[in-house]
Structure formats: C-alpha cells, structure tokens
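Here's the structure, in structure tokens; my notes come after.
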Amino acid sequence: MTKIVGTLGPRSRSVEVLSGCLKAGMSVARFDFSWHDPEYHQETLENLKAAVKLTKKLCAVMLDTVGPELQVVNKSEKAISLEADATVILTPDEGQEASSNLLPINFDGLSKAVKKGDTIFIGQYLFTGSETTSVWLEVSEVQGNDVVCVIKNTATLTGALFTLHASQIRIELPTLSDKDKEVISSWGVKNKIDFLSLSYTRHAEDVRHAREFLSKQGDLYQTQIFAKIENIEGLNHFDEILQEADGIILSRGNLGIDLPPEKVS
C-alpha cells in the first residue's frame, strides 16, 4: 500500500524518463514551485500526461508551495566564492549585485529577527548535498537593515537563487504567500491538483487557512493538504497540525538546520 512521491526536475521531465518513473512505481508527481515558472512546470505536466497514456499507469499531481522561504538573489548568476573567517553582509536591497562581500536577500525583516551569535545557512543543499556549495554564517552584528556575518566554511555558490535559513528563528511571513495563492488559483485550478504540499507549516491554523482558500477554488475543495514540517516551530505544534492535515511531510534538510542530526533521524 506504500506510495512513492517523485519530485520532478530538469532530469526527470522527458516523456521517456517519466514513463520509467511510472513503471518503477511513482504514483504521485511533486511539482516544486520554489524554482522555475508555471509555464515550465506545465510543460513537465504535459509530458507526464503523455507518459501516463503510454504506460497506462495513473499518477496524482502534488503542488508544493514556496511558503515563507528566504532566498539570496544573484541576478548575474556569477559564481560567488566565500572564504572561511571573512565577513559578508546580507542586505534586503535586491538592486545590489551579489558578491563575495555582499549578498542581497528577498526579506527586509531579517535584521529585526536575528541577533549576534545566531546561525544562518545558505546553499542549494536540496540539489547537491555538497558542503562546498553550502555555507554557514554566524551573525556578528546588525547595521540598520543589513546583517553582518562571519563565514564559517569556504564554499562557492552558483546559480540565481539560494535558500537562506536562519536556525531556530521565527520569520514573520505568511505560510501561504500571495505568490502561492496566485499559482494555486491559476496553475492549480487549471490542472485540478490532487495534493497541496504546504511548505513551512508552523501551526494548525496554517492548514485551516489553506483549506479555506482551496474551498473557494472550484474543484480544489477536494484537494488534500500535506503539511510540510521544516522547522522547530512546526515540530513543536506537530500534534495539532496532524489533527488538521491529510498527511505530513518531514523536510529533513531544513529540520537538520534547526535540530541536531540525532533529533531528525
């Protein structure tokens, strides 16, 4: 009775590869909207539909929201080298160019949320899992809206966006963002999604709010909600979240930043 959820990415979106995934047992396809646009995901979904016809294997569709995810913005996409023991400034001024000394971020409230000694993680660990492409920072001081950090390990960041996670810090952003609502009411409704993966679920109220929103989106009133637990706040409210959600997803990557490894496993 075990089901396999497969996250579709650049290497798993062709009809051929998707047919292989279906034959191997994938029964739910997860579309992660924290990267790429709806048009890209629509192309992947059309290929999935073709693969379903070819293999005669059914497959449900899961939309994974972005949620209150903090990101470093690197518009030039040039590789950024960070050296251990050097300093780097995190700034909410997204007009600045990312460099080894300055990293623009998509959130203007970080300086109010952190204090000296706090730990911040930046990287693409979900894609690579490599220490050389992820960096740990320690907050040394706050200067207005900017956060000055000491770099704890040498790494090179490559790409346009990197996830930023402040360990055990409450981020005052809605769990279901306006961007998420727009994607659900357009892409989600159009494709009659079967599941909604609610990223960074922190309270039962987050699930209730998402369910209320889905109930107003035509056929999506039947869409099941999987609460994604990604930080210690969500973990502390696990029992109440479990009462409201149709299922639970434990994001070990982000939980591993908030908690020691033995607590995650």
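The values are calculated or read from the model by the stated rules, or taken from the named source; none is laboratory data. Remember, it's a predicted structure, so these values are computed and weren't measured experimentally. So basically every Cβ, Gly included, is an ideal-geometry build from the backbone, and we count neighbours across all protein chains shown. Accessible surface areas use protein heavy atoms only, side chains included; no ligands, DNA or RNA. Shrake-Rupley method; radii C 1.70, N 1.55, O 1.52, S 1.80 Å.
Taking the criterion of being touching a helix residue (DSSP H, G or I) at 6+ places or on another chain (Cβ under 9 Å), open to solvent by 40 Å² or more (accessible area, probe 1.4 Å), of a type in the set (A, V, I, L, M, F, W, C) and at pLDDT 95 or above, would at least one residue in the stretch 27-35 satisfy it?
Looking through the stretch 27-35, none of the residues is touching a helix residue (DSSP H, G or I) at 6+ places or on another chain (Cβ under 9 Å), open to solvent by 40 Å² or more (accessible area, probe 1.4 Å), of a type in the set (A, V, I, L, M, F, W, C) and at pLDDT 95 or above.
With closer than 15 Å to TRP35 by Cα and of a type in the set (A, V, I, L, M, F, W, C) as the only criterion, which of LEU196, LEU157, LEU164 stands out?
Matching residue, one of LEU196, LEU157, LEU164: LEU164.
With the requirement that a residue be of a type outside the set (A, V, I, L, M) and over 15 Å from ASP64 (Cα atoms), what does the stretch 240-253 give you?
Selection gives GLU240, GLN243, GLU244, ARG252, GLY253.
Quick check: is even one residue across the stretch 170-186 in contact with a Leu (Cβ under 6 Å, 6 or more places away or on another chain) and of a type outside the set (Val, Ile, Thr)?
No; the residues of the stretch 170-186 include none that is in contact with a Leu (Cβ under 6 Å, 6 or more places away or on another chain) and of a type outside the set (Val, Ile, Thr).
Being more than 25 Å from the chain's Cα centre (by Cα) and part of a loop (DSSP other than H, G, I, E, B) is the requirement here; does LYS23 meet it?
Spelling it out, it is not the case that LYS23 is more than 25 Å from the chain's Cα centre (by Cα) and part of a loop (DSSP other than H, G, I, E, B).
Tell me the residue from LYS152, LYS57 that is farther than 30 Å from LYS192 by Cα, among the basic types (Lys, Arg) and touching a Leu at 6+ places or on another chain (Cβ under 9 Å), please.
Answer to the check: LYS152.
Looking at (1) touching a Ser or Thr at 6+ places or on another chain (Cβ under 6 Å); (2) under 26 Å from ASP178 (Cα atoms), can you tell me which one THR55 breaks?
(2) is the only condition that THR55 fails.
Any residue that is of a type in the set (Gly, Ala, Ser), in contact with an Asp or Glu (Cβ under 8 Å, 6 or more places away or on another chain), modelled with pLDDT of 95 or more and surrounded by 13 or more Cβ atoms within 10 Å (Cβ to Cβ) - is there at least one of those in the stretch 112-124?
Checked against the condition, which is being of a type in the set (Gly, Ala, Ser), in contact with an Asp or Glu (Cβ under 8 Å, 6 or more places away or on another chain), modelled with pLDDT of 95 or more and surrounded by 13 or more Cβ atoms within 10 Å (Cβ to Cβ), the stretch 112-124 yields no hits at all.
Hey, any hits in the stretch 154-166 for a residue that's open to solvent by 40 Å² or more (accessible area, probe 1.4 Å), outside any loop (DSSP other than H, G, I, E, B) and not assigned by the TED database to the domain that holds ILE248?
yes
Here is a check on your reading of the model: is ARG11 at pLDDT 95 or above and not hydrophobic (A, V, I, L, M, F, W, C)?
no
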